[in-house]
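Novice: I'd like to ask some things about the structure below.
The values are calculated or read from the model by the stated rules, or taken from the named source; none is laboratory data. This structure is a prediction, so every number in the text was calculated from the model and none was measured. Virtual Cβ from ideal backbone geometry, glycine too; neighbours counted across all protein chains shown. When the accessible area is computed, the model is the full protein with side chains, heavy atoms only, and any ligands, DNA or RNA have been set aside. Shrake-Rupley method; radii C 1.70, N 1.55, O 1.52, S 1.80 Å.
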Amino acid sequence: MESSKNILTVSQISSQIRNCLESNFSSIWIKGEISNFIAHSSGHWYFSLKDESSQIKGVMFKGQNQSLSFRPQTGEEILVRGQISLYPPRGDYQILCYDMEVVGSGLLQRQFDEIKKKLQQEGLFDSDKKKVLPLFPKHIGLITSPTGAAVRDILQILNRRFKSVRITLIPALVQGDQAPSSLLNALDLSKKLSLDVIIIGRGGGSMEDLWAFNDETLARAIANHLIPVISAVGHEIDFTICDFVADLRAPTPSAAAELVVQNAEDLLEKLGHLKKQLYQGLQLKIDFFKDKLMSLEKALIHPKRYIQDFSQKLDELSLRLTQNIKQFFQVKKQQVSHLEKLLLALNPKQVMERGFSIVTNKKGDLIFDSKDLKIKDILNIDFFKGQVKAEVKQKE
(Lines give C-alpha, C1' and ligand atoms only; values in the text may rest on other atoms or scores of the structure.)
Protein backbone atom coordinates (compact mmCIF):
# COMPACT_ATOMS: atom_id res chain seq x y z
CA MET A 1 0.00 0.00 0.00
CA GLU A 2 2.74 2.47 0.92
CA SER A 3 4.42 2.09 -2.50
CA SER A 4 1.37 3.56 -4.27
CA LYS A 5 1.35 6.74 -2.11
CA ASN A 6 3.50 9.87 -2.66
CA ILE A 7 5.09 9.85 0.73
CA LEU A 8 7.48 12.67 1.80
CA THR A 9 9.70 12.83 4.81
CA VAL A 10 9.46 15.77 7.20
CA SER A 11 12.81 17.04 5.92
CA GLN A 12 11.64 16.80 2.31
CA ILE A 13 8.45 18.75 2.88
CA SER A 14 10.34 21.33 4.94
CA SER A 15 12.82 21.75 2.11
CA GLN A 16 10.06 22.19 -0.46
CA ILE A 17 8.23 24.71 1.70
CA ARG A 18 11.46 26.67 2.26
CA ASN A 19 12.18 26.74 -1.49
CA CYS A 20 8.66 27.92 -2.16
CA LEU A 21 8.83 30.68 0.43
CA GLU A 22 12.28 31.89 -0.62
CA SER A 23 11.40 32.00 -4.32
CA ASN A 24 8.13 33.90 -3.79
CA PHE A 25 9.31 36.23 -1.02
CA SER A 26 12.93 36.83 -1.95
CA SER A 27 13.08 40.53 -1.06
CA ILE A 28 10.27 42.19 0.89
CA TRP A 29 9.83 44.95 3.48
CA ILE A 30 7.92 44.22 6.67
CA LYS A 31 6.89 46.74 9.33
CA GLY A 32 6.31 45.62 12.88
CA GLU A 33 7.13 46.00 16.54
CA ILE A 34 10.26 44.33 17.93
CA SER A 35 9.70 41.79 20.72
CA ASN A 36 11.87 39.18 22.44
CA PHE A 37 15.04 40.75 21.02
CA ILE A 38 18.20 38.70 21.73
CA ALA A 39 21.74 39.70 20.73
CA HIS A 40 23.48 36.32 20.83
CA SER A 41 27.17 35.96 21.77
CA SER A 42 27.75 34.70 18.22
CA GLY A 43 26.89 38.18 16.96
CA HIS A 44 23.54 37.14 15.43
CA TRP A 45 20.27 38.89 16.37
CA TYR A 46 17.06 36.93 17.06
CA PHE A 47 13.68 38.60 17.54
CA SER A 48 9.99 38.58 16.63
CA LEU A 49 8.06 41.15 14.60
CA LYS A 50 4.45 41.61 15.61
CA ASP A 51 1.41 43.78 15.00
CA GLU A 52 -2.06 43.77 16.62
CA SER A 53 -2.89 40.19 15.59
CA SER A 54 0.15 38.35 14.22
CA GLN A 55 3.85 37.84 14.58
CA ILE A 56 6.78 36.41 12.63
CA LYS A 57 10.18 35.33 13.83
CA GLY A 58 13.25 37.09 12.46
CA VAL A 59 17.00 36.64 12.41
CA MET A 60 19.71 39.06 11.33
CA PHE A 61 23.11 37.43 11.05
CA LYS A 62 26.33 39.10 12.15
CA GLY A 63 27.46 39.87 8.59
CA GLN A 64 24.36 42.04 8.02
CA ASN A 65 23.81 43.71 11.40
CA GLN A 66 27.40 45.00 11.70
CA SER A 67 26.67 47.62 9.04
CA LEU A 68 23.79 49.15 11.06
CA SER A 69 24.38 52.32 13.06
CA PHE A 70 21.88 51.31 15.79
CA ARG A 71 20.71 48.30 17.80
CA PRO A 72 16.93 47.76 17.89
CA GLN A 73 15.13 47.68 21.22
CA THR A 74 12.15 45.63 22.33
CA GLY A 75 8.98 47.66 21.75
CA GLU A 76 10.52 49.71 18.92
CA GLU A 77 8.68 49.88 15.58
CA ILE A 78 11.01 49.04 12.69
CA LEU A 79 11.14 48.24 8.99
CA VAL A 80 13.09 45.18 7.90
CA ARG A 81 14.02 44.04 4.40
CA GLY A 82 14.73 40.39 3.83
CA GLN A 83 13.73 36.97 2.55
CA ILE A 84 11.01 34.72 3.94
CA SER A 85 12.42 31.30 4.72
CA LEU A 86 11.85 28.23 6.90
CA TYR A 87 13.92 26.98 9.83
CA PRO A 88 13.63 23.16 9.34
CA PRO A 89 14.56 21.97 12.87
CA ARG A 90 11.46 23.67 14.32
CA GLY A 91 9.35 24.04 11.19
CA ASP A 92 9.04 27.78 11.87
CA TYR A 93 8.88 30.25 9.02
CA GLN A 94 10.94 33.40 9.57
CA ILE A 95 12.42 36.41 7.80
CA LEU A 96 16.15 36.52 7.13
CA CYS A 97 16.91 40.25 7.52
CA TYR A 98 19.36 42.06 5.25
CA ASP A 99 18.50 45.62 6.22
CA MET A 100 16.70 47.38 9.08
CA GLU A 101 15.41 50.92 9.70
CA VAL A 102 13.54 52.65 12.49
CA VAL A 103 10.08 53.65 11.27
CA GLY A 104 9.63 57.36 10.59
CA SER A 105 12.99 58.94 11.42
CA GLY A 106 14.76 55.99 9.84
CA LEU A 107 13.17 56.55 6.45
CA LEU A 108 13.77 60.26 6.69
CA GLN A 109 17.39 59.69 7.60
CA ARG A 110 17.80 57.49 4.55
CA GLN A 111 16.32 60.20 2.28
CA PHE A 112 18.48 62.82 4.01
CA ASP A 113 21.65 60.80 3.36
CA GLU A 114 20.74 60.27 -0.29
CA ILE A 115 20.10 63.99 -0.94
CA LYS A 116 23.23 64.99 0.95
CA LYS A 117 25.41 62.57 -1.01
CA LYS A 118 23.93 63.70 -4.34
CA LEU A 119 24.43 67.43 -3.74
CA GLN A 120 27.88 66.91 -2.25
CA GLN A 121 28.99 65.01 -5.36
CA GLU A 122 27.74 67.91 -7.47
CA GLY A 123 29.98 70.29 -5.51
CA LEU A 124 27.23 72.36 -3.87
CA PHE A 125 28.96 72.06 -0.47
CA ASP A 126 32.40 73.20 -1.71
CA SER A 127 33.92 75.99 0.38
CA ASP A 128 35.19 77.87 -2.68
CA LYS A 129 31.57 78.43 -3.75
CA LYS A 130 30.61 80.11 -0.48
CA LYS A 131 29.92 83.86 -0.73
CA VAL A 132 31.55 86.19 1.80
CA LEU A 133 29.18 87.92 4.21
CA PRO A 134 29.30 91.74 4.29
CA LEU A 135 31.11 93.17 7.30
CA PHE A 136 28.51 95.89 7.90
CA PRO A 137 25.19 94.89 6.26
CA LYS A 138 22.67 97.72 5.95
CA HIS A 139 19.64 95.62 4.94
CA ILE A 140 18.97 92.09 6.24
CA GLY A 141 16.27 89.78 4.89
CA LEU A 142 14.69 87.36 7.39
CA ILE A 143 12.83 84.33 5.98
CA THR A 144 10.94 82.50 8.72
CA SER A 145 7.55 82.13 10.35
CA PRO A 146 6.26 85.51 11.58
CA THR A 147 4.74 83.86 14.67
CA GLY A 148 7.59 81.58 15.76
CA ALA A 149 10.05 82.08 18.60
CA ALA A 150 12.94 82.35 16.13
CA VAL A 151 11.80 85.68 14.67
CA ARG A 152 11.43 87.23 18.13
CA ASP A 153 14.89 86.11 19.20
CA ILE A 154 16.55 87.35 16.00
CA LEU A 155 14.83 90.76 16.06
CA GLN A 156 15.62 91.25 19.74
CA ILE A 157 19.32 90.46 19.28
CA LEU A 158 19.68 92.55 16.10
CA ASN A 159 18.03 95.51 17.82
CA ARG A 160 20.37 95.17 20.78
CA ARG A 161 23.55 94.76 18.75
CA PHE A 162 22.99 97.22 15.89
CA LYS A 163 19.80 99.30 16.01
CA SER A 164 20.41 101.14 12.74
CA VAL A 165 20.34 98.00 10.57
CA ARG A 166 17.25 97.60 8.40
CA ILE A 167 15.36 94.30 8.68
CA THR A 168 12.75 93.01 6.25
CA LEU A 169 10.70 90.00 7.36
CA ILE A 170 9.63 87.75 4.47
CA PRO A 171 7.05 85.43 6.06
CA ALA A 172 7.05 81.74 5.11
CA LEU A 173 5.78 78.41 6.37
CA VAL A 174 8.56 76.45 8.09
CA GLN A 175 6.78 73.15 8.73
CA GLY A 176 4.49 70.84 6.81
CA ASP A 177 3.99 69.77 3.22
CA GLN A 178 3.52 73.35 1.96
CA ALA A 179 6.64 74.69 3.70
CA PRO A 180 9.21 74.00 0.90
CA SER A 181 7.19 75.89 -1.73
CA SER A 182 6.50 78.71 0.72
CA LEU A 183 10.21 79.05 1.49
CA LEU A 184 11.03 78.99 -2.24
CA ASN A 185 8.54 81.81 -2.88
CA ALA A 186 10.14 83.82 -0.08
CA LEU A 187 13.57 83.34 -1.67
CA ASP A 188 12.23 84.52 -5.04
CA LEU A 189 10.73 87.59 -3.38
CA SER A 190 14.07 88.38 -1.71
CA LYS A 191 15.65 88.84 -5.15
CA LYS A 192 13.45 91.89 -5.72
CA LEU A 193 14.64 93.61 -2.53
CA SER A 194 17.92 95.44 -2.04
CA LEU A 195 19.24 93.01 0.57
CA ASP A 196 22.84 92.57 1.70
CA VAL A 197 22.35 89.19 3.41
CA ILE A 198 19.54 86.70 4.14
CA ILE A 199 18.81 84.64 7.25
CA ILE A 200 16.58 81.61 6.64
CA GLY A 201 15.54 79.28 9.43
CA ARG A 202 13.30 78.36 12.32
CA GLY A 203 13.46 77.11 15.90
CA GLY A 204 14.08 73.57 17.06
CA GLY A 205 11.97 70.48 16.55
CA SER A 206 12.05 66.85 15.49
CA MET A 207 13.50 65.65 12.21
CA GLU A 208 9.98 65.60 10.78
CA ASP A 209 9.42 69.21 11.93
CA LEU A 210 12.62 70.40 10.22
CA TRP A 211 12.15 68.32 7.07
CA ALA A 212 11.19 71.27 4.84
CA PHE A 213 14.80 72.48 5.10
CA ASN A 214 15.98 69.18 3.58
CA ASP A 215 14.09 69.83 0.34
CA GLU A 216 16.40 69.40 -2.65
CA THR A 217 14.84 72.22 -4.72
CA LEU A 218 15.10 74.62 -1.78
CA ALA A 219 18.74 73.64 -1.23
CA ARG A 220 19.60 74.35 -4.87
CA ALA A 221 17.84 77.73 -4.68
CA ILE A 222 19.92 78.69 -1.64
CA ALA A 223 23.16 77.53 -3.26
CA ASN A 224 22.46 79.52 -6.44
CA HIS A 225 21.19 82.69 -4.73
CA LEU A 226 23.15 85.84 -5.61
CA ILE A 227 22.91 87.17 -2.04
CA PRO A 228 24.81 85.50 0.86
CA VAL A 229 22.49 83.20 2.82
CA ILE A 230 22.81 82.17 6.47
CA SER A 231 21.04 78.93 7.45
CA ALA A 232 19.77 78.98 11.04
CA VAL A 233 17.63 75.89 11.57
CA GLY A 234 16.86 74.24 14.89
CA HIS A 235 19.36 73.68 17.67
CA GLU A 236 23.12 73.24 17.57
CA ILE A 237 22.85 69.44 17.19
CA ASP A 238 20.38 69.71 14.27
CA PHE A 239 21.72 69.59 10.72
CA THR A 240 19.72 70.07 7.53
CA ILE A 241 20.64 70.08 3.84
CA CYS A 242 20.21 73.87 3.84
CA ASP A 243 23.02 74.12 6.40
CA PHE A 244 25.46 72.50 3.98
CA VAL A 245 24.59 74.58 0.90
CA ALA A 246 24.27 77.94 2.69
CA ASP A 247 27.16 80.38 2.73
CA LEU A 248 27.22 80.15 6.53
CA ARG A 249 25.59 77.76 8.98
CA ALA A 250 24.50 79.21 12.34
CA PRO A 251 23.88 76.65 15.11
CA THR A 252 20.69 78.49 16.19
CA PRO A 253 18.60 81.46 14.99
CA SER A 254 19.96 83.53 17.88
CA ALA A 255 23.51 82.68 16.83
CA ALA A 256 22.69 83.86 13.28
CA ALA A 257 21.76 87.28 14.67
CA GLU A 258 25.04 87.36 16.58
CA LEU A 259 27.03 86.45 13.46
CA VAL A 260 25.39 88.68 10.87
CA VAL A 261 26.14 92.07 12.49
CA GLN A 262 28.85 93.55 14.66
CA ASN A 263 28.04 94.71 18.16
CA ALA A 264 27.69 98.51 17.99
CA GLU A 265 28.96 98.93 21.57
CA ASP A 266 32.07 96.91 20.77
CA LEU A 267 32.63 98.94 17.61
CA LEU A 268 32.27 102.24 19.50
CA GLU A 269 34.72 101.01 22.14
CA LYS A 270 37.18 99.94 19.45
CA LEU A 271 36.70 103.27 17.65
CA GLY A 272 37.41 105.14 20.87
CA HIS A 273 40.57 103.09 21.41
CA LEU A 274 41.74 103.82 17.85
CA LYS A 275 40.95 107.51 18.33
CA LYS A 276 43.05 107.57 21.50
CA GLN A 277 45.94 105.81 19.73
CA LEU A 278 45.72 108.29 16.84
CA TYR A 279 45.76 111.27 19.21
CA GLN A 280 48.75 109.90 21.13
CA GLY A 281 50.62 109.23 17.88
CA LEU A 282 49.96 112.74 16.60
CA GLN A 283 51.00 114.23 19.93
CA LEU A 284 54.30 112.33 19.81
CA LYS A 285 54.92 113.60 16.28
CA ILE A 286 54.15 117.17 17.35
CA ASP A 287 56.51 116.91 20.34
CA PHE A 288 59.26 115.44 18.16
CA PHE A 289 59.08 118.19 15.54
CA LYS A 290 58.77 120.80 18.28
CA ASP A 291 62.06 119.62 19.83
CA LYS A 292 63.63 119.52 16.38
CA LEU A 293 62.51 123.07 15.69
CA MET A 294 63.91 124.27 19.02
CA SER A 295 67.27 122.67 18.20
CA LEU A 296 67.34 124.41 14.84
CA GLU A 297 66.44 127.71 16.46
CA LYS A 298 69.31 127.34 18.91
CA ALA A 299 71.68 126.55 16.06
CA LEU A 300 70.56 129.62 14.15
CA ILE A 301 70.81 131.90 17.18
CA HIS A 302 74.34 130.75 18.12
CA PRO A 303 76.03 129.59 14.89
CA LYS A 304 79.51 130.50 16.19
CA ARG A 305 79.07 128.38 19.31
CA TYR A 306 77.74 125.53 17.18
CA ILE A 307 80.87 125.69 14.95
CA GLN A 308 83.15 125.81 18.01
CA ASP A 309 81.51 122.75 19.51
CA PHE A 310 81.84 120.91 16.24
CA SER A 311 85.52 121.93 15.89
CA GLN A 312 86.26 120.74 19.41
CA LYS A 313 84.60 117.45 18.67
CA LEU A 314 86.78 117.08 15.54
CA ASP A 315 89.91 117.73 17.60
CA GLU A 316 88.90 115.06 20.08
CA LEU A 317 88.30 112.58 17.29
CA SER A 318 91.65 113.44 15.65
CA LEU A 319 93.54 112.95 18.94
CA ARG A 320 91.79 109.65 19.55
CA LEU A 321 92.63 108.50 16.02
CA THR A 322 96.33 109.38 16.47
CA GLN A 323 96.49 107.47 19.74
CA ASN A 324 94.82 104.46 18.17
CA ILE A 325 97.29 104.48 15.25
CA LYS A 326 100.31 104.67 17.62
CA GLN A 327 98.94 101.87 19.70
CA PHE A 328 98.32 99.79 16.58
CA PHE A 329 101.92 100.17 15.33
CA GLN A 330 103.33 99.49 18.79
CA VAL A 331 101.48 96.18 18.94
CA LYS A 332 102.64 95.23 15.42
CA LYS A 333 106.23 96.15 16.29
CA GLN A 334 106.16 93.82 19.30
CA GLN A 335 104.73 91.05 17.15
CA VAL A 336 107.50 91.48 14.54
CA SER A 337 110.22 91.42 17.27
CA HIS A 338 108.76 88.20 18.64
CA LEU A 339 108.77 86.60 15.20
CA GLU A 340 112.44 87.64 14.61
CA LYS A 341 113.50 85.96 17.84
CA LEU A 342 111.53 82.85 16.87
CA LEU A 343 113.15 82.70 13.42
CA LEU A 344 116.60 83.24 14.90
CA ALA A 345 116.12 80.34 17.30
CA LEU A 346 115.12 78.09 14.40
CA ASN A 347 118.10 79.17 12.22
CA PRO A 348 120.32 76.10 11.56
CA LYS A 349 123.45 78.32 11.72
CA GLN A 350 122.77 78.83 15.38
CA VAL A 351 122.83 75.04 15.88
CA MET A 352 126.00 74.64 13.74
CA GLU A 353 127.78 77.29 15.81
CA ARG A 354 127.63 74.82 18.71
CA GLY A 355 129.68 72.24 16.75
CA PHE A 356 127.07 70.52 14.61
CA SER A 357 127.34 70.06 10.83
CA ILE A 358 124.97 69.27 7.93
CA VAL A 359 125.69 66.24 5.71
CA THR A 360 124.10 65.93 2.25
CA ASN A 361 124.66 63.64 -0.75
CA LYS A 362 125.59 64.91 -4.21
CA LYS A 363 121.83 65.51 -4.89
CA GLY A 364 121.58 67.78 -1.89
CA ASP A 365 119.43 65.36 0.16
CA LEU A 366 120.06 65.38 3.92
CA ILE A 367 121.66 62.23 5.33
CA PHE A 368 120.11 61.04 8.58
CA ASP A 369 121.23 57.39 8.62
CA SER A 370 124.47 55.64 7.54
CA LYS A 371 122.32 52.92 5.99
CA ASP A 372 121.47 55.43 3.26
CA LEU A 373 125.17 55.57 2.16
CA LYS A 374 127.31 53.34 0.01
CA ILE A 375 131.13 52.97 -0.15
CA LYS A 376 132.67 55.67 -2.35
CA ASP A 377 129.58 57.94 -2.11
CA ILE A 378 130.60 61.61 -2.24
CA LEU A 379 129.27 63.71 0.62
CA ASN A 380 128.99 67.47 1.20
CA ILE A 381 129.69 68.51 4.80
CA ASP A 382 128.69 72.05 5.87
CA PHE A 383 130.33 73.45 9.02
CA PHE A 384 129.54 76.67 10.79
CA LYS A 385 132.45 78.02 8.84
CA GLY A 386 133.31 76.42 5.54
CA GLN A 387 132.39 73.30 3.56
CA VAL A 388 134.23 70.11 2.51
CA LYS A 389 133.62 67.14 0.22
CA ALA A 390 134.30 63.63 1.53
CA GLU A 391 134.25 60.09 0.21
CA VAL A 392 132.79 57.18 2.16
CA LYS A 393 135.58 54.67 2.88
CA GLN A 394 133.97 52.62 5.60
CA LYS A 395 130.52 52.13 7.16
CA GLU A 396 129.83 51.17 10.75
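Novice: Can you give the accessible area of H338, probe radius 1.4 Å, in Å² rounded to 10?
Specialist: Surface open to solvent at H338 totals about 120 Å².
Novice: Quick one: ranking I28, I140, I307 by accessible area, 1.4 Å probe, largest first, what do you get? Display every interim value, and only then the final one.
Specialist: On the way: I28 45, I140 0, I307 110 Å².
From most exposed to least exposed: I307, I28, I140.
Novice: Let me ask another. Using a 1.4 angstrom probe with every protein chain in place, what is the largest-first accessible-area order of W211, W45, W29? All intermediate terms of the calculation are to be shown ahead of the outcome.
Specialist: Numbers: W211 60, W45 20, W29 110 Å².
Final ranking, largest accessible area leading: W29, W211, W45.
Novice: Within region 57-171, what percent of beta bridges assigned by DSSP are antiparallel, to the nearest 5? Write out the running numbers ahead of the final one.
Specialist: On the way: 10 of 19 bridges.
Taking every DSSP beta bridge with both residues in region 57-171, the antiparallel ones total about 55 percent.
Novice: Here's another thing I want to ask about it. In the chain, if the dipole is taken from +1 on Lys/Arg beta carbons and -1 on Asp/Glu beta carbons about the Cα centre, which of S11, C242, P146 is farthest to the positive end?
Specialist: Positive-end residue among those listed: C242.
Novice: Using a 1.4 Å probe on the protein chains only, how many percent of the accessible area of the chain belongs to carbon and sulfur?
Specialist: On the way: 15010 of 27140 Å².
Summing carbon and sulfur atoms, their accessible area is 55 percent of the total for the chain.
Novice: Nearest 5 percent is fine: what portion of the DSSP beta bridges confined to the chain is antiparallel?
Specialist: Working: 37 of 57 bridges.
For the chain, the DSSP antiparallel bridge percentage is about 65.
Novice: Charges at C-beta only: +1 for Lys and Arg, -1 for Asp and Glu. How large is the resulting dipole of region 40-127 about its Cα centre, in Debye rounded to 20? Don't jump to the answer; show the numbers that get you there.
Specialist: Details: 10 positive and 11 negative charges, 64 e Å.
The calculated dipole for region 40-127 is roughly 300 debye.
Novice: Run the reach check for K393 against lysines, Cα to Cα strictly under 26 Å, same-chain hits fewer than 8 apart removed. What comes back?
Specialist: Reachable lysines: K362, K363, K371, K374, K376, K385.
Novice: Nearest 20 debye, what's the magnitude of the dipole of region 162-290 about its Cα centre given +1 on Lys and Arg Cβ and -1 on Asp and Glu Cβ? Walk me through the intermediate numbers first.
Specialist: Values: 12 positive and 16 negative charges, 204 e Å.
Charge dipole, region 162-290, about its Cα centre: 980 debye, nearest 20.
Novice: How much area per residue is accessible in region 182-302 when the probe is 1.4 Å and only protein heavy atoms are counted (Å²)?
Specialist: On the way: 6990 Å² over 121 residues.
For region 182-302, the per-residue accessible area is 58 Å².
Novice: With +1 assigned to the C-beta of every Lys and Arg and -1 to the C-beta of every Asp and Glu, and no other charges, what is the dipole magnitude of the chain about the Cα centre in debye, to the nearest 20?
Specialist: Values: 53 positive and 46 negative charges, 694 e Å.
Magnitude of the dipole: close to 3340 debye.
Novice: Okay, next question. Using θ = phi - 60° and the Karplus curve 6.51 cos²θ - 1.76 cosθ + 1.60, what whole-Hz ³J(HN,Hα) does each residue of region 195-204 get, with Gly and Pro shown as x?
Specialist: My calculation for region 195-204 gives 9, 9, 7, 10, 10, 10, x, 6, x, x Hz in order.
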